[in-house]
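Worksheet: the structure to be examined is printed underneath.
We did not get these values from a lab; they are worked out from the coordinates using the rules stated. Since the model is a prediction, treat every value here as computed from it, not as a measurement. Here the Cβ positions follow ideal geometry from the backbone for every residue, glycine too, while neighbour counts run over all protein chains shown.
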Amino acid sequence: MAPRRPNFNKTLRALIRDIAARMPEFSHVKASRILVVAGEARRASRGTVKPLCFRGGRAADRAGRRKPVVRIRGRRMLYCITLRPLFFRGSTAQARVETVIHELFHMSRRFDGTLHAGRRHAVLGAEFSRKLRPLVRRYLKVCPVELLSELAHTGEVRIFQWLERPGPAYHPGARSRRVRKVYTEEQLYFGIARMVTRKPRASREAGARPKLH
């Protein structure tokens, strides 16, 4: 019998919901409006977040550019978190929690499909980690054991991947007729990712600081 491949999107949704429920700083986050996918490597990044709207949750900006709409199960997604190979390979459960919190920290407090202007690495520099670290440590003290266990999985998991990835903003017009404007489950598939989890060293307690971006 082939080994079981857990649905890792289910685990990540449960993690995001739990973070939002236990941490006032993330109470605005709605897991049902965040799409999580596995993607290609990007330098030493473990994860990135992409805003799917213009300010105020709008699909178009003042210049008339529009962003493709991502709609899953009939619900429009506001953010797409892409987890990269270093998230899955040679990481710890605690470091994976930190990656997810890191990406949630980038999201606007309005949760309108945009990023927080003051929480960019270019703005905060080293201060970004100093603000993030206490949040990670506090959450890891209350994170359910079963969630950490699922995040510590070693072996293959199923996770969404793009069959066709949304492009950048586009200008409506004749040339845009060939641009896909709405992305749904039809442009996604369950891919297989292999997780390799290492045990955290005694000297690296919860809230360790792997390089995320």
Straight-line reach check, Lys199, cutoff 20 Å on alpha carbons, 8 or more apart in-chain or any other chain, hits among lysines -> Lys141, Lys211
Toy charge model, Lys and Arg Cβ at +1, Asp and Glu Cβ at -1: the range 8-197 dipole around Cα centroid in debye, rounded to 20, equals 800
Subtracting the Cα-Cα distance of Arg120 and Arg180 from 0.36 nm times their residue separation yields 18.7 nm
Computed ³J(HN,Hα) along the range 65-77: with the Karplus parameters 6.51/-1.76/1.60, θ = phi - 60°, integer Hz and x for glycine or proline, the list is 5, 10, 9, x, 8, 10, 10, 10, 6, x, 10, 6, 7
Per the C-alpha gyration tensor (a ≥ b ≥ c, the square roots of its eigenvalues), the range 84-202 is rounded if a/c is under 1.5, else prolate if a/b beats b/c, else oblate; here it's oblate
Calculating semi-axes √(5λ) of the Cα gyration tensor in Å from this structure picks out, from (1) 29, 21, 15; (2) 37, 19, 15; (3) 29, 17, 16, entry (1)
For Lys50, the lysines lying under 17 Å Cα to Cα, once residues fewer than eight places off in the same chain are dropped, come out as Lys30, Lys67, Lys181
Sorted on mean Cβ neighbours within 10 Å (highest first), peptides 10-19, 68-77 come out as 10-19, 68-77
For the range 8-197, percent of DSSP beta bridges that are antiparallel (nearest 5) comes out at 70
Within the range 35-110, DSSP-loop GluC sites (Glu not before Pro) with at most 12 other C-beta atoms within 10 Å are Glu40
Taking Cα pairs closer than 8 Å and at least 6 residues apart, the relative contact order of the chain in percent is 30
For 110-121, 82-93, ranked highest to lowest by mean beta-carbon neighbours within 10 Å, the order is 82-93, 110-121
